[in-house]
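What follows is a short report on a single structure.
The values are calculated or read from the model by the stated rules, or taken from the named source; none is laboratory data. Just so it is clear, the structure is predicted and the values come from calculations on it, not from any experiment. Here the Cβ is made from the backbone with ideal geometry for all residues, glycine too, and neighbour counts use every protein chain on show.
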Amino acid sequence: MRLRPDRADIKLEWIERTIESPLKKQIQDDGRIRCWSKIEEKEGKYLRVILLEDGETVHNAFFDRNFKEEKS
C-alpha cells in the first residue's frame with residue numbers, strides 16, 4: 001500500500017494514531033473495519049485506514065477526500 005506513489009507520504013505514525021484513536025469507526029458488511037482521523041500535518045486531511053476483521057492487520061490507508069466530520 002505504501003509503495004504506491006500517491007500513498008508513499010502516509011507516515012506509519014499517522015496510521016497507528018488513526019487505529020488507536022479514530023474520529024469515526026465503522027464495520028463494513030465484509031467485517032473489515034474503517035477508521036478515520038484528521039491529520040493536521042497534512043493540512044487537516046482525513047486519513048482512512050481499513051483493517052481486516054482481526055482489527056490489527058492494515059489492509060489499506062489513504063486520504064479520504066469525501067469524508068465529512070460529523071458535527072455534534
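Restricting to segment 31-41, name every residue that is in contact with a helix residue (DSSP H, G or I) (Cβ under 8 Å, 6 or more places away or on another chain) and of a type outside the set (A, V, I, L, M, F, W, C). Before the answer, list the steps.
Restricting attention to segment 31-41, the residues satisfying the condition of being in contact with a helix residue (DSSP H, G or I) (Cβ under 8 Å, 6 or more places away or on another chain) are 35-37, 39, 41.
SER37, GLU41, listed by residue number.
The single condition among (1) exposed (fewer than 10 other Cβ atoms within 10 Å of the Cβ); (2) at pLDDT below 95 that ASP29 does not meet is (2). For beta carbons closer than 6 Å, sequence separation of 6+ or different chains, a first residue in segment 54-71 that is within 16 Å of ILE39 (Cβ to Cβ) and a second that is among the aromatic types (Phe, Trp, Tyr), the qualifying pairs are ASP64/TYR46; PHE67/TRP36; PHE67/TYR46.
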